Amino acid sequence: ILVLAGGLGHLILPIANPHPLASLTVQAALGLGVLALVGLGAGALGLITPAAGWIALVGGLAALARHAAAWCARWSALPALVSRSTGGEKRLAALLAALAAMRLAQAAAPPIQFDALVYHLLLPKMFLAQNSIALTPELPYWGNPLGGELLYTWALALARPQAAAILGWMIGIVACIGVLGLGASIHRQAGWMAVAALLAGESLAAALGWAYVDWWGGLFGIALLVLLRGAEGGERRVEVAAGLVAGFAFGTKYTAGVLFVCGLAGLWATSPRDRL
């Protein structure tokens, strides 16, 4: 699912600035947002089934094979960055990798976190059981944005609930990669320290393995920051992409709607004055 999203994002916006790792995060965010909308359409049409999930995945990867390969190739910038790092930065990278591995083990285990059990994973199970998105009045959390849950539904259609949690872990990792790439575009050490500062928060680091949607908002947030930096050149499609990721963030979590305000302020500050 993530590779398909990356390929779709590469088709939409094949940028490589300010850093390959930052650009792959933007492309993943754009692709995931579009795929969530596709999932919404499938849910409205009653097409949420394992068969439809596999057809969409295999067909999408076949159609976007070239773009998906180009997106995957950008990951080579990560080992290249590590090889150029100092000994201290490599040790920090090893600690961050160990933390990520521990949270991956948690994501691969049966889910036990409260929000995952009562709606982040429960809603996808209900959608899959009824093959559509339908009103669930017995669930008080119905009415929240469904961007993350729709993609969790796709993962559940393909495999066990742990697959959805692992997808959530991947979203957090890609968000961290975006932070690393954006920081490294300024200074290599800044990239490593930015990721370390982000994961120093206990609940944020733990949420990597929880199948929540907070990291989805983080992914769209870092994608917006990367795009705002790219918007300094006044390229219209970059500005449009910034608006898209802000909308996708709002479709994931209501509180992420603050990105609309931040994005507009950022565009006002970075766009050439003759275009305002």
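Would you confirm whether any residue within region 164-183 is in contact with a Ser or Thr (Cβ under 6 Å, 6 or more places away or on another chain) and open to solvent by less than 10 Å² (accessible area, probe 1.4 Å)? Looking through region 164-183, at least one residue is in contact with a Ser or Thr (Cβ under 6 Å, 6 or more places away or on another chain) and open to solvent by less than 10 Å² (accessible area, probe 1.4 Å). Does region 251-260 contain any residue that is buried (at least 23 other Cβ atoms within 10 Å of the Cβ) and either at pLDDT 95 or above or among the β-branched types (Val, Ile, Thr) (or both)? Checked region 251-260: at least one residue is buried (at least 23 other Cβ atoms within 10 Å of the Cβ) and either at pLDDT 95 or above or among the β-branched types (Val, Ile, Thr) (or both).
Only one entry of 75, 71 meets the criterion of being of a type in the set (Phe, Trp, Tyr), assigned to a helix (DSSP H, G or I) and closer than 27 Å to residue 253 by Cα, and that entry is 71.
When region 200-213 is examined, which residues are found to be buried (at least 19 other Cβ atoms within 10 Å of the Cβ) and either on the phi < 0 side of the Ramachandran plot or without any contact (Cβ under 8 Å) to a residue 40 or more places away in the chain (or both)?
In the first step, residues of region 200-213 are kept if they are buried (at least 19 other Cβ atoms within 10 Å of the Cβ); the result is 207-213.
Result: 207, 208, 209, 210, 212, 213.
Among the residues of this structure, residue 221 does not count as one that is within 20 Å of the chain's Cα centre (by Cα) and open to solvent by less than 10 Å² (accessible area, probe 1.4 Å).
Within region 110-147, the set of residues being in contact with a Ser or Thr (Cβ under 6 Å, 6 or more places away or on another chain), at pLDDT 90 or above and not in a helix (DSSP H, G or I) comprises 131, 145. Scanning region 12-33 for residues that are surrounded by fewer than 24 Cβ atoms within 10 Å (Cβ to Cβ) and small (Gly, Ala, Ser) yields one hit, 16.
What about residue 64, is it over 21 Å from the mean Cα position of the chain (by Cα) and either open to solvent by 20 Å² or more (accessible area, probe 1.4 Å) or of a type outside the set (Ser, Thr, Tyr) (or both)?
Details: over 21 Å from the mean Cα position of the chain (by Cα): no; either open to solvent by 20 Å² or more (accessible area, probe 1.4 Å) or of a type outside the set (Ser, Thr, Tyr) (or both): yes.
No: the conditions fail for residue 64.
So which helices (runs of 4 or more DSSP H) are wholly in region 157-235 and hold at least 2 residues that are closer than 17 Å to residue 97 by Cβ? Please lay out each step first, then the result.
Numbers: elements: 161-184, 188-199, 202-206, 214-230.
Counting at least 2 such residues, we get 161-184, 188-199, 202-206.
State the number of residues belonging to region 179-229 that are of a type in the set (Gly, Ala, Ser) and under 21 Å from residue 149 (Cβ atoms). Of the residues in that region, 9 qualify.
Identify, please: which residue in region 1-35 is more than 11 Å from the chain's Cα centre (by Cα) and among the small types (Gly, Ala, Ser) and is, among those, farthest from residue 244 (Cα to Cα)? Taking the candidates together, the pick is 16. Restricting attention to region 216-270, the residues that are among the aromatic types (Phe, Trp, Tyr) and closer than 18 Å to residue 14 by Cα total 1.
When the criteria are applied in full, residue 150 fails the requirement of being surrounded by fewer than 24 Cβ atoms within 10 Å (Cβ to Cβ), in a helix (DSSP H, G or I) and of a type in the set (A, V, I, L, M). In region 128-144, the residues that are open to solvent by less than 60 Å² (accessible area, probe 1.4 Å) reach residues that are at pLDDT below 80 with C-beta atoms within less than 9 angstrom, at least six apart or across chains, in these pairs: 136/142.
The values are calculated or read from the model by the stated rules, or taken from the named source; none is laboratory data. Computed from a predicted model, the values in this text were never measured in an experiment. Cβ sites come from the backbone with ideal geometry, for glycine too, and all protein chains shown count toward neighbours. Heavy atoms of the whole protein, side chains included, go into the accessibility calculation; ligands, DNA and RNA do not. Shrake-Rupley method; radii C 1.70, N 1.55, O 1.52, S 1.80 Å.
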